[in-house]
Amino acid sequence: MMRAGSLPWMMTGSDASATDALNRGEGGSMARTNLDRRSFLKAAGGLGALSIAGVGIAGQVPKAQAEETAFPEQQHGQPLEATVDPVTGKLEVNEDVIVRYSACLGCYSSCGNRLKLDRQTGRLISVGGNPYHPSCAYPFLNFDEPLSEAYQAMGFAPGKGNLTRGTVCGRGQATQDVYAQPDRITAPLKRAGKRGEGKWKAITWDDLIKEVTEGGKLFADAGEDREVEGFKALHDTVTPLNPDYPDLGPVSNQFVMLGGRGDGRTTIGTRFTNCFGSLNQYGHGST
């Protein structure tokens, strides 16, 4: 039996004899170091207290505690585009928020999306799923359904639940970040230095059309005296590009339409290239 305050283990007779032998210095590691059992326990306890109080957990606890700050009185996220009464289904539209239904360009699946914009600033608030699109909702809303039905579908109206609630994947939602990316090119860029220097300047769309159409010494500001032909000079569907190689076609065939993703612009690009008199129109995936 154990007495109050005794160590939580049981000692047999042989264990007691061995302990007595150690205390008398009759062999063992404690005997060789002249350390009895009582001194060993005291040293171990002191070392443990030192590790906790001086250099261990106790020294790190204050750093892990969050500072107590006043919690903001009002916390809210995006402004609601509309509210739906969960009992009556009454719809109230927030006129400060514009909602537009479109198609997503996050990948090539062409899913639908639903954009929320601030009416006063024009800022894009969020990108979500389009309840009218079969890739975003099932069952999806028919195109002849009014917008009020779309508001209710996205607002857990009575009898709706998650039915016809449009969703979009994470990549589709990330298009908002692409739109707001500070390095996103939003204006025509013209080379402002030597080739390879990586120097560019923004110009207006009117300047772009004029320079591309008229041509001229377009890079005189960058120290180049080279004359660049414009579309007017290149538009010649009669004169051979090279009389020795008639298969190259007319002068107009020097024009090349080279782009990346079309995103609905491929048709007009092809039409312009053909009308100009060139066969050279290439896009994403061209080999």
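Here, each number is a calculation from the coordinates, and none is a lab measurement. Quantities reported herein were computed from a predicted structural model and do not represent experimental measurements. FYI the Cβ positions are ideal-geometry reconstructions off the backbone, even for glycines, and counts take in every protein chain you see.
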Please compute the modelled spin-label separation between ARG184 and THR213, points set 7 Å along Cα→Cβ, answer in nm with one decimal. 2.9 nm
Which length gain, in nm to one decimal place, applies between ASN94 and THR267 when the Cα-Cα distance is subtracted from 0.36 nm times their residue separation? 58.5 nm
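Please work out how much length the chain gains when fully extended from ASN274 to GLN78, using 0.36 nm per residue of separation minus the C-alpha to C-alpha distance, in nm with one decimal.
The ASN274-GLN78 span can extend by a further 65.8 nm.
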For q = 0.09, 0.16, 0.18, 0.21 Å⁻¹, Debye-computed log10 I/I(0) when each Cα of region 171-287 counts as one equal scatterer: -0.36, -1.04, -1.20, -1.31
Alpha-carbon centroid distance for the pair region 223-274 / region 83-130, whole angstrom: 42 Å
For Cα pairs less than 8 Å apart in space and 6+ apart in sequence, what is the mean separation divided by the residue count of region 106-247, i.e. the relative contact order in percent? 15 percent
Could you calculate the contour length gain from ASP36 to GLU224, that is, 0.36 nm times the residue separation minus the distance between their Cα atoms, to one decimal place in nm? 58.4 nm
Take the Cα atoms of region 82-180, build their convex hull, and give its volume per residue in Å³. 92 Å³
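If we count every other residue with Cβ under 12 angstrom of ILE125's Cβ, Lys/Arg +1 and Asp/Glu -1, where does the sum land? Spell out each step's value before the answer.
Details: positive: ARG100, ARG114, LYS116, ARG119, ARG123; negative: GLU81, ASP96, ASP118.
Result for the local shell: +2.
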Contact order normalised by length for region 82-180, with contacts defined as Cα pairs under 8 Å and 6 or more residues apart; what percent is it? 27 percent
